[in-house]
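Engineer: Submitted below is the structure of interest, expressed as structure tokens.
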Amino acid sequence: MGTIGNLLIELQEVNSTNHYAERILRNGEVEEGTVIHAWSQTDGKGQGENRWQSEPGQNLTLSIILHPLFLQPGRQFILNKAISLGVLDAVSHYLDGVKIKWPNDILAGSKKIGGILIRHTVEGVLLKDSIVGIGLNVNQKDFGPGLPDAASLAMILHREVDLKELLTRLCDAMEMRYSRLKEEEVSPLETDYCNALLGIRQERIFLVEGKPVSGTIQGVDEFGRLLVEHPGDGLRAYAHKEIEYLGE
Ligand code: BTN
């Protein structure tokens, strides 16, 4: 048995599983792979200033605590890749064609079914703690007009998915990807992540500095920047928020 999910803290309700993880890390040692799973979050955090909205009891909201001491902070994006792939692997058990929208949104078609929020703590030259927050839309049937791009597995599959079963699959898939990374088997992670990227090697329209530009995603560099080839303008690397994906 792996380490991820060996220790499971199950909460009926919490403000945010990421906050709960921060709190227990502040209070002492926490075993690697500890999972905090909440049936309901009252103040779920999303990327940037966004909130993560999730109907109580309908979806998966959890945080995983890792201690990736084997990774130097400059290489932290490889951990993002392993994590996104772990989520993708688990969801792919239910649904084909799931993609990663760079850097780590989980998409089914054009709909977002999952989001990942990772926070690292660096000590000296090492990554001491990582809090990996994962929100997966599973059985919720309606996201309201405020979230037109969100969907759940159940909305796509037309059946409900057992949350505990999905949680076990997620922990196992995550363990598989994370243990590969620990063993320095990096190249399958690089290749799989690249192949799972939404729009990879297809010409698309992006928004850069407020202007629509045409380009083709070629991959992601070691710092996690998106590599886009622009016709007549060569290959450029973009950090998060420097480029927005507009579509075909
Ligand atoms: C995103 O905006 O795409 C990231 C969403 C991450 C949501 C998860 S739900 C569990 C964990 N706790 C939080 O407060 N946020 C993350």
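Read the figures in this text as sums done on the coordinates, not as results from a lab. Quick caveat, the model's predicted, so the values are computed rather than measured. No Cβ is skipped: glycine too gets one built from the backbone with ideal geometry, and neighbour counts run over all protein chains shown.
Engineer: Can you compute the FRET efficiency between Thr121 and Arg236 using 1/(1 + (r/R0)^6), with r the Cβ-Cβ distance and R0 = 41 Å? Round to the nearest 0.05. Let's see the in-between values first.
Structural biologist: Values: r = 31 Å, r/R0 = 0.76.
Once the sixth-power term is evaluated, E becomes 0.85.
Engineer: Now a separate question. Please report the equivalent ellipsoid semi-axes of segment 40-176, computed as sqrt(5 x eigenvalue) of the Cα gyration tensor, largest first, in whole Å.
Structural biologist: Details: eigenvalues 136, 51, 36 Å².
Gyration-tensor ellipsoid for segment 40-176: 26, 16, 13 Å.
Engineer: For Tyr245, list long-range residues whose amide hydrogen, built 1.01 Å from N in the peptide plane, is under 5 Å from its own amide hydrogen.
Structural biologist: It is Leu207, by chain and number.
Engineer: Moving to a separate point now. Taking the chain as the region of interest, what is the percent of Cα-Cα pairs per 5 angstrom bin, listed from the shortest bin to the one with the maximum distance?
Structural biologist: 1, 6, 14, 18, 19, 17, 13, 8, 3, 1, 0
Engineer: So, one more: Using the Cα centre of the chain as origin and beta-carbon charges of +1 (Lys, Arg) and -1 (Asp, Glu), tell me which of Met176, His240, Leu62 is placed farthest towards the positive end of the dipole.
Structural biologist: Highest projection toward the positive end goes to His240.
Engineer: Report the one residue of Gln140, Met155, Ile118 whose Cα lies farthest in the direction of the positive end of the charge dipole of segment 1-159 (charges on C-beta: Lys and Arg +1, Asp and Glu -1; origin at the Cα centre).
Structural biologist: The listed residue farthest towards the positive side: Met155.
Engineer: Something else: How fast does segment 183-235 diffuse by Stokes-Einstein, in µm²/s, taking the Kirkwood radius from C-alpha pairs at 37 °C and 0.692 mPa s? Walk me through the numbers before you get to the answer.
Structural biologist: Numbers: Rh = 12.1 Å.
Answer from the Stokes-Einstein relation: 271 µm²/s.
Engineer: In whole Hz, with x marking every Gly and Pro, tabulate ³J(HN,Hα) for segment 154-167 from phi via Karplus 6.51 cos²θ - 1.76 cosθ + 1.60, θ = phi - 60°.
Structural biologist: With coefficients 6.51, -1.76 and 1.60, one gets 5, 5, 8, 7, 6, 7, 7, 10, 5, 5, 5, 5, 5, 4 Hz.
Engineer: Which three extents, in angstrom, do the Cα atoms of segment 61-114 have along their principal axes, listed largest first?
Structural biologist: Each principal axis gives a Cα extent; for segment 61-114 these are 35, 20, 17 Å.
Engineer: Still on this structure, please answer the following. Below 8 Å, C-alpha to C-alpha, sequence gap of six or more: please give me the relative contact order for segment 96-169 in percent.
Structural biologist: On the way: 102 pairs, mean separation 15.5, N = 74.
Normalised by residue count, the contact order of segment 96-169 is 21 percent.
Engineer: If one computes the Cα centroid of segment 94-153 and of segment 1-79, what distance in Å separates the two points?
Structural biologist: Each part's Cα centre sits 13 Å from the other's.
Engineer: Whole-Hz Karplus ³J(HN,Hα) for segment 235-243, in order, using 6.51 cos²θ - 1.76 cosθ + 1.60 and θ = phi - 60°, x for Gly and Pro?
Structural biologist: 8, 10, 10, 10, 7, 3, 6, 7, 9
Engineer: Largest first and to the nearest Å, give the Cα extent of segment 152-248 along each principal axis.
Structural biologist: Sorted from largest, the Cα extents of segment 152-248 read 49, 39, 20 Å.
Engineer: Now for a different question. Over 22 Å, how big is the tail of the calculated P(r) for segment 1-113, in percent of all Cα pairs?
Structural biologist: Tail of the P(r) past 22 Å holds 40 percent of the pairs.
Engineer: Using only the alpha carbon atoms of segment 113-174, find the Kirkwood hydrodynamic radius as the inverse mean reciprocal pair distance, in angstroms to one decimal. Please report the intermediate quantities before stating the final value.
Structural biologist: On the way: mean 1/r = 0.0724 Å⁻¹.
The answer is 13.8 Å.
Engineer: Choose one of Ser92, Leu7, Trp102: the residue whose Cα lies farthest towards the positive end of the charge dipole of segment 1-130 (beta-carbon charges +1 Lys, Arg; -1 Asp, Glu; about the Cα centre).
Structural biologist: Going by the charge dipole, the pick is Trp102.
Engineer: Next question. If you average the sequence gap of Cα pairs under 8 Å that are 6 or more apart and divide by the length of segment 1-138, what percent do you get for the contact order? List each step's numbers first, then the result.
Structural biologist: Working: 269 pairs, mean separation 33.9, N = 138.
Once divided by the residue count of segment 1-138, the mean separation gives 25 percent.
Engineer: Restricting the calculation to Cα positions, tell me the Rg (one decimal) and the Dmax (whole number) of segment 27-82 in Å.
Structural biologist: Reported Rg and Dmax, both Å: 14.1, 37.
Engineer: In debye, nearest 20, what is the charge dipole magnitude of segment 148-248 about its Cα centre with +1 on Lys and Arg Cβ and -1 on Asp and Glu Cβ, if you could check? Please list the in-between numbers first.
Structural biologist: On the way: 12 positive and 20 negative charges, 37 e Å.
In total the dipole reaches around 180 debye.
Engineer: Something else: Restricting to the chain, compute how many DSSP beta bridges are antiparallel as a %, nearest 5.
Structural biologist: Values: 49 of 57 bridges.
Here the share of antiparallel DSSP bridges comes out near 85 percent.
Engineer: Pick from Leu157, Leu66, Leu170: which is most flexible by mean-square fluctuation in a GNM of the chain where alpha carbon atoms under 10 Å apart are linked?
Structural biologist: Leu157
Engineer: Here's a follow-up. Share of antiparallel DSSP beta bridges in segment 1-99, in percent to the nearest 5?
Structural biologist: Working: 6 of 11 bridges.
Looking only at bridges with both residues in segment 1-99, the antiparallel portion is about 55 percent.
Engineer: On to the next question. Just rank Tyr178, Tyr238, fewest to most, by other beta-carbon atoms within 10 angstrom.
Structural biologist: Result, fewest neighbours first: Tyr238, Tyr178.
Engineer: Computed over the Cα atoms of segment 95-233, what is the ratio Rg over Rh, Rh following Kirkwood? Numbers along the way, then the final one.
Structural biologist: Details: Rg = 17.3 Å, Rh = 17.4 Å.
Using only Cα positions, Rg/Rh for segment 95-233 is 0.99.
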